[in-house]
Every structure is written in structure tokens, then in C-alpha cells.
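Notes for the one structure printed next.
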Amino acid sequence: MARRIALRAQHLDRPAPAGPAGPVRVHSKIRKLGLIQLDSVNVFARAHYMPLFSRLGPYDTALLDRAYGAKPRRLVEQWGHMACLVPPDVHRTIGHLRQPWRDSERAAGNLARIEQAAPGIVDAARDAVSSQGAMTATEFEAQFGEIPAKVPEMWARTAGKAAFEHLWFAGEFATAARTPQFERVCDLTERVVPSADSPPDDDAARRELTLRALRHLGIGSAKCIADFYRTKVAYAAHWLRELEHEGLAERVEVEGWKGPVWKDPALVAPRRATGAALLSPFDPLVFERTRLATLFGVHYRIGIYTPAAHRTSGYYSLPFLMGEQIVARYDLKADRASGTLLVNGAFLEPQHEASWPVEEEIAVGVVPQLVSAARWLGLGSISIPDDAPGDGIASLTSALG
């Protein structure tokens, strides 16, 4: 039942609705997801586009672009679960809790390194955005003049980009949009996320984020709940106990799950889960890998961060959800030059239960998802390279015909 609770909370317990998803459906799903993680890798599709596709099927990605790149903004970029898109009120809450970082030795050290590399550049960046409006670091650097090649210990960033990054983390800048090259367009935070309300105090902010995370995940340990918005586990554990006293969290036991586990008492588990979806490696259902292993028995490591010799399921493998099980992974690449969706590998998960679908059923089940993904990405064909690895390749080749 724990799996079905998690799937219901993440709106993956039933198939994507038929027909194109318009603005109302897209915006509704955005609110229900809680956050959408960002990642620049574009091998298949950018990470932030995928969660809506997994739940809605093909949709116009411009609707998501406008949700965080045009006013009124329904999403704003924040450093929550890594770089992610969150509703404006969550952005403000997380931003308030980042105050200790702004006053930290690490932040001071970063600022000192930037100023040593290019004296005055942080003030110049602040003044340029304040007077001229939203811009990218690249556009700012074109005005500033000669920029040092990189700032020591700042991930080889140029001084202009490091200055923008520092002001963004400090909360002075916010992301107004992203360019087609995925570079941040920054503006003053008060112009991106205007608010007449004062931010919540620390306790109220931590309680709110804990409650939101529980509702969006449906079930989890304090570690899982804390991971959703990357708060401290101790704070999440404290507020889960408080929410339990208030009747807003319910402590439950889940076989194989060590330690206390809480669920959203307002969420009713479906009798069956009938959905099918290819999931981004950064999907909220799978991005906390310990929870993924506990609930689904899947030990997942994405290949893009793994040396080639140690990859077990390709470079960019997407978990395939079928019913209430993650049954396989497919290493996908959008070859835009040839208009082809490449399946560079197909890897079946070990069978965990007697009701596990057989290999041929899995292949037949994933084909519509691959066809839908190809159409969504504007690709005219699906191809499996002759040397594609994996124990699911033969059945997938047969199913594709």
C-alpha cells in the first residue's frame, strides 16, 4: 500500500489523460507537484520538462516556460531540491531560511575570491541589473570589459558569472527566465517575486516546508521529507512529530522501512495503480534514492555522473513505471539531427513479486510511451542500435516490430 500512496501523491497512479494538455491542466499539475527539479543535460529532454510529460503525456513545453518566465509567475527558480522551480510563496519561504548561508564564512570566502579576481565586479553586477533590468551574466560581462578567465575555487567560472551566482545565492538576484542555452536571466528578486507580506519566522517556515513535502510525497521518513526541499533532517523530524499531534501527519509502519515513517492522513491509497510512465532521473518519485530502493526495490544510479566503465544501465536511463512497480530502465537519446529517438539500452529490473509482468508484457507496455515521447520531441522514428546492450533489448525490438 505504501507504493500506491506514493504514486497517488505524485499523480502517477493512473494513465495520463487522453487528449492534449492545455494551460488549465498544465498549471493544475504544476501546483500539485510541489517542485520541478532543473538540470541542464539535454540528451533526451531537459529534466524540468519531463515530470509533466510523465503525468500528462505530450504537452506544449512553452506552457511551462511561461509559468516561470512570464508574469504572473506560477513558478520561480530557487535552490531547494538542488536548482528547482517552486511556487512563489515557497520561493520566499526557502529564501528566508537561506539567511545563515548569506552570513556564512563560505559566502564571505566566495565574495573575497571574486573581488580579488576582478575588484568591484559584484557592485557593478548589482548596479547593472538594478538600472538596466534583467540580463544574463554573459550580457553583463560584455559591458564590464576584460574578465579574468576564472575565479579560483569557483568551478572555473569567470568573474562575471561568479558574481551573478553569488548574488543569486545571496537572494539579491532571482531568475527571471532561462535562455535557449539554459543560461539564467537574472533580475532583482523584488522585481521577480514581489510580495507585500513579511517572510515567515524560522519555525513557521520549517513547519510549512515539512507539511508541504509530506503532502507532495504522501509517505516517507524524516530523511525523505527533509530531502524534498533540502531542509535539515532534525527539523523535519521535529515538525513531523508536531504535525502528528495536530492530526496533519500519521505515523505508520512499512515493512522493510527502518525507523519512523509518516504519511499524509488526508491521502487515500487507490485500490490499484494502473499508470505507465517513463520517469526522468530527477522526477520527485525517484530523486531520493534511498526511498526509491525501500519502496520499489530499485537501486538506481544515473550514468551521466558515473565513469563509463562503471555504468550498469547506460548514460541516460529513464526508469519505467508500470502499474505500481518500476520494471525496467531505458537509455534514451534524442538524435535531433536525424529526427530519431534512440534506445541505446533496455535493462529489466529484477523480479520482486509473483505478479511481476513478464518481459514481453513490459516491452509491449513501454512501446506506447516511447512513441508518445518521440512525437512530443518532434522525432519521426524510433531506432535501436545493433550493439545496444541490456536484457530487455530483444523483447523491445520484437514489440517495436
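Close amide H contacts of A176 (hydrogens built in the peptide plane, cut-off under 5 Å, sequence separation of 5 or more or a different chain): V185, C186, D187. Dividing the mean sequence gap of close Cα pairs (under 8 Å, 6+ apart) by how many residues the chain holds gives a relative contact order of 17 percent. Here the label points at F169 and R289, each 7 Å from Cα along the C-beta direction, are separated by 2.3 nm in the simple model.
In straight Cα distance, which aspartates and glutamates are under 17 Å from K232, not counting same-chain residues fewer than 8 positions off? Partners found: D201, D202, D203, E208, E242, E288. Sorting M135, M322, M1 by accessible area puts them as M1, M322, M135; the probe is 1.4 Å, largest comes first, and only protein heavy atoms count. Helices of the chain meeting both criteria, an alpha-carbon length of 24 angstrom or more along the long axis and an average Kyte-Doolittle score not below 0.0, with helices taken as full DSSP H segments, are 359-376. Per residue, the accessible area of segment 1-113 comes to 40 Å² when a 1.4 Å probe rolls over the protein heavy atoms. Put simply, when 119-125, 390-396 are sorted by average Cβ atoms within 10 angstrom per residue, most first, you get 390-396, 119-125. Among 29-38, 262-271, 74-83, 15-24, sorting by the average number of other beta carbon atoms lying within 10 angstrom of each residue, highest first, gives 74-83, 29-38, 262-271, 15-24. Here segment 354-389 and segment 171-225 have alpha carbon centers that stand 36 Å from each other. Straight-distance candidates among the aspartates and glutamates for linking to K71, with alpha-carbon spacing under 16 Å and chain neighbours fewer than 8 residues away dropped: D89, D187, E190.
Estimated purely from DSSP H runs of n ≥ 4, each contributing -39500 (n - 2.57), the mean residue ellipticity at 222 nm for the chain is -12000 deg cm²/dmol once divided by its residues. Note on the chain: with a GNM built from Cα contacts shorter than 10 Å, the maximum mean-square fluctuation among R311, R73, R251 falls on R311. Measuring nothing but how far apart in sequence close Cα pairs (under 8 Å, 6+ apart) lie, relative to its length, segment 150-227 scores a relative contact order of 15 percent. For segment 302-367, GluC sites (Glu not before Pro) meeting the loop criterion (DSSP other than H, G, I, E, B) and having at most 12 other Cβ atoms within 10 Å: E353.
The values are calculated or read from the model by the stated rules, or taken from the named source; none is laboratory data. Values in this document were obtained by computation on a predicted structure and should not be read as measured data. For neighbour counting, all protein chains shown are included, and Cβ atoms are generated from backbone atoms with ideal geometry for every residue, glycine included. Just the protein is used for accessible areas: all its heavy atoms, side chains included, with ligands, DNA and RNA removed. Shrake-Rupley method; radii C 1.70, N 1.55, O 1.52, S 1.80 Å.
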